[in-house]
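Student: Pasting in a structure now, in structure tokens, and then I'll have a few things to ask.
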Amino acid sequence: MYHFLAGHKRLLLLLLVIFSAFLWMTYQVRTGDRPSLTGLSDSLLSFPQKMISLVTTKITGIWDHYIFLAGKAEENERLRGEVERLKSDANRYKDVLDENRRLKNLLSLKEAQPAYVATVRIIGRDVSSWFRTILVDKGELDGLKKDMAAITPSGLVGRVYHVMPRTARVLLITDRGSSLAVRVQRTRDEGILEGTGENICRLKYMRQSTELKEGDVLLSSGLDGVFPSGLTVGTISRVERKGPGFFQEVDVTPATDVIRLDEVIIVGKR
Amino acid sequence: MRAVLFLIFIISVVVFQGTLFNILSVKGVRPDFPLILSCGIGVYKGEMKGLLFGGIIGLLMDASTGLLIGPNLTGKASAGFLSGYIRGKIFRMTPLVYLSFFFILSLIDGITNYLSISIFIVSSPFLGSLSDIILPQAVYNSLIGTVLLIMFERIKPVPERLGA
């Protein structure tokens, strides 16, 4: 035994690391305590993330509205300069117009939300494929608190689950750890919407007898005490009544495309 | 100085993973560059450095997510260690070996993450996670990892078997 252990010291070290990590995870789950490391990491990461987010937004704009078009414009040598200039101008205006429209929508949403806290920009996404979270550019200093809701004009996006002084993390409704109380707009039936980790959610606890159909709109019911009631959450995209089970299987497509988000509004509890 | 550069490098990789590399995302799955790097370090520098690099970068990834510290720490440290360990047992590295090498290590990382998340955060069906996250991620990582390692080999050849 001793010889075996002596010959596999390195392997033992790996096992020790794994064992310690599992003990640490047990401790975190039992105490609900997240080590201050998360705050430290955000202090280290938030600034470069903000910078990269700014730079990529600019580069994407240049790529979408200039380089891509420049390639096409080469087809016509004679008109190239003129077309370039006009298209560049047009795209710049389109970009401004798009931004204007987006901000206008957010502004009207802000005015309609009495519990408005802040408008935030997304500066990063989760580093692993296992979670669906976003990092936003405002935090505790701007009034954000844990369990506040993140919304867009199209509907609900998620909830703030971790707040640092200058940044915060939002758990998207598509994350498999997310659940919220919802109501079917047409039938007034209530259920729980859970994330799947994909770009689709699942409506749970809907009895076989409940009359649901594709296209039905889901609204937040507010019964979870986190999300304000009446916000659009998504539409039913698949209903399956099968087997002797008590409940039906219902897929829901979120109202907001959580992959293509630029800004969201944070609202508190009313 | 080396430690500071090392820290800056690790932070940059984690920052890029959460920002720039999103453009490589296919249905929510991106190549896991921290994992690929941990494996690369294991291949070039041996299992202990692979373990150390994987452990540190995994810790930072977990801390940045803020949900639970441990899944990536365990997965990346294991992958970094095993890459050095396996490298020590293989006589000749070919592209096919690299492909299977990254594929298996990515599977190990994925299964470790799945177990940690299922035990400590929220349980989900294994087959669903396997087909939606673990396998696509392993295929993606093995392709990108192999290309990167072959390219890097031209600059710096992989050393002879370490610790064989």
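Student: Here is a list: B:Leu67, B:Leu20. Which entry is touching a His at 6+ places or on another chain (Cβ under 9 Å) and within 11 Å of chain A (Cβ to nearest Cβ)? Lay out the reasoning, then the answer.
Tutor: Details: B:Leu20 fails: touching a His at 6+ places or on another chain (Cβ under 9 Å).
B:Leu67 is the lone residue from the list that is touching a His at 6+ places or on another chain (Cβ under 9 Å) and within 11 Å of chain A (Cβ to nearest Cβ).
Student: I'd like the full set of residues that are at the interface with another protein chain (Cβ under 10 Å from one of its Cβ atoms) and over 23 Å from B:Gly84 (Cα atoms), limited to region B:23-32.
Tutor: B:Ile23, B:Ser25, B:Lys27, B:Gly28, B:Val29, B:Arg30, listed by residue number.
Student: Condition first: farther than 14 Å from B:Gly28 by Cβ, within 7 Å of another protein chain (Cβ to nearest Cβ) and polar (S, T, N, Q). Now tell me which residues in region B:120-141 satisfy that.
Tutor: Hit for region B:120-141 is B:Ser124, nothing else.
Student: On to the next question. Consider only pairs whose beta carbons are under 7 Å apart and that are at least six residues apart or on different chains; among these, list those whose first residue lies in region B:33-49 and is within 9 Å of another protein chain (Cβ to nearest Cβ) and whose second residue is part of a helix (DSSP H, G or I) and of a type in the set (Lys, Arg).
Tutor: Pairs that qualify, where the first residue is within 9 Å of another protein chain (Cβ to nearest Cβ) and the partner is part of a helix (DSSP H, G or I) and of a type in the set (Lys, Arg), are B:Pro34/B:Lys76; B:Glu47/A:Arg10; B:Met48/A:Arg10.
Student: Further, regarding this structure: Among the residues of region A:101-121, which ones are more than 19 Å from A:Leu54 (Cβ to Cβ) and either part of a helix (DSSP H, G or I) or modelled with pLDDT of 75 or more (or both)? First the steps, then the outcome.
Tutor: Taking region A:101-121 first, the residues more than 19 Å from A:Leu54 (Cβ to Cβ) are A:101, A:104-105, A:107-117.
Once the filter is applied, which keeps residues that are more than 19 Å from A:Leu54 (Cβ to Cβ) and either part of a helix (DSSP H, G or I) or modelled with pLDDT of 75 or more (or both), region A:101-121 yields A:Arg101, A:Lys104, A:Asn105, A:Leu107, A:Ser108, A:Leu109, A:Lys110, A:Glu111, A:Ala112, A:Ala115, A:Tyr116, A:Val117.
Student: Any residue at all in region B:74-82 that is of a type in the set (Ser, Thr, Tyr) and in a helix (DSSP H, G or I)?
Tutor: The answer is yes, given that some residue of region B:74-82 is of a type in the set (Ser, Thr, Tyr) and in a helix (DSSP H, G or I).
Student: Would you confirm, using the coordinates I've provided, whether B:Leu60 is within 8 Å of chain A (Cβ to nearest Cβ), in a helix (DSSP H, G or I), touching a residue at least 12 places away in the same chain (Cβ under 8 Å) and closer than 26 Å to A:Val160 by Cβ?
Tutor: In short, yes.
Student: So, one more: Hey, does region A:195-206 have a residue that's farther than 23 Å from A:Ile123 by Cα, polar (S, T, N, Q) and modelled with pLDDT under 90?
Tutor: Yes: region A:195-206 contains one or more residues that are farther than 23 Å from A:Ile123 by Cα, polar (S, T, N, Q) and modelled with pLDDT under 90.
Student: Do we have A:Leu231 as of a type in the set (A, V, I, L, M, F, W, C), under 15 Å from A:Gly155 (Cβ atoms), touching a Ser or Thr at 6+ places or on another chain (Cβ under 9 Å) and free of Cβ contacts under 8 Å to residues at least 60 places away in the same chain here?
Tutor: no
Student: So, in region A:253-270, of the ones that are part of a strand (DSSP E or B) and in contact (Cβ under 8 Å) with a residue 60 or more places away in the chain, which residue ends up farthest from the chain's Cα centre (by Cα)? Can you show your working first?
Tutor: So the first thing to find is which residues in region A:253-270 are part of a strand (DSSP E or B), and the list is A:253-254, A:263-267.
Those still in the list that are in contact (Cβ under 8 Å) with a residue 60 or more places away in the chain too: A:254, A:263-267.
Working: A:Pro254: 11, A:Glu263: 11, A:Val264: 9, A:Ile265: 12, A:Ile266: 12, A:Val267: 15 Å.
Among residues in region A:253-270 that are part of a strand (DSSP E or B) and in contact (Cβ under 8 Å) with a residue 60 or more places away in the chain, the one farthest from the chain's Cα centre (by Cα) is A:Val267.
Student: Grab the helices (runs of 4 or more DSSP H) fully contained in region B:94-162, keeping just those with 2 or more residues being over 30 Å from B:Leu67 (Cβ atoms).
Tutor: B:95-120, B:135-155
Student: How many residues are more than 14 Å from every other protein chain (Cβ to nearest Cβ) and more than 10 Å from A:Ile266 (Cβ to Cβ) if we restrict to region A:129-146?
Tutor: So the answer is 1.
The values are calculated or read from the model by the stated rules, or taken from the named source; none is laboratory data. This is a predicted model, so every value here is computed, not measured. Neighbour counts run over all protein chains shown; Cβ positions are idealised from the backbone, glycine included.
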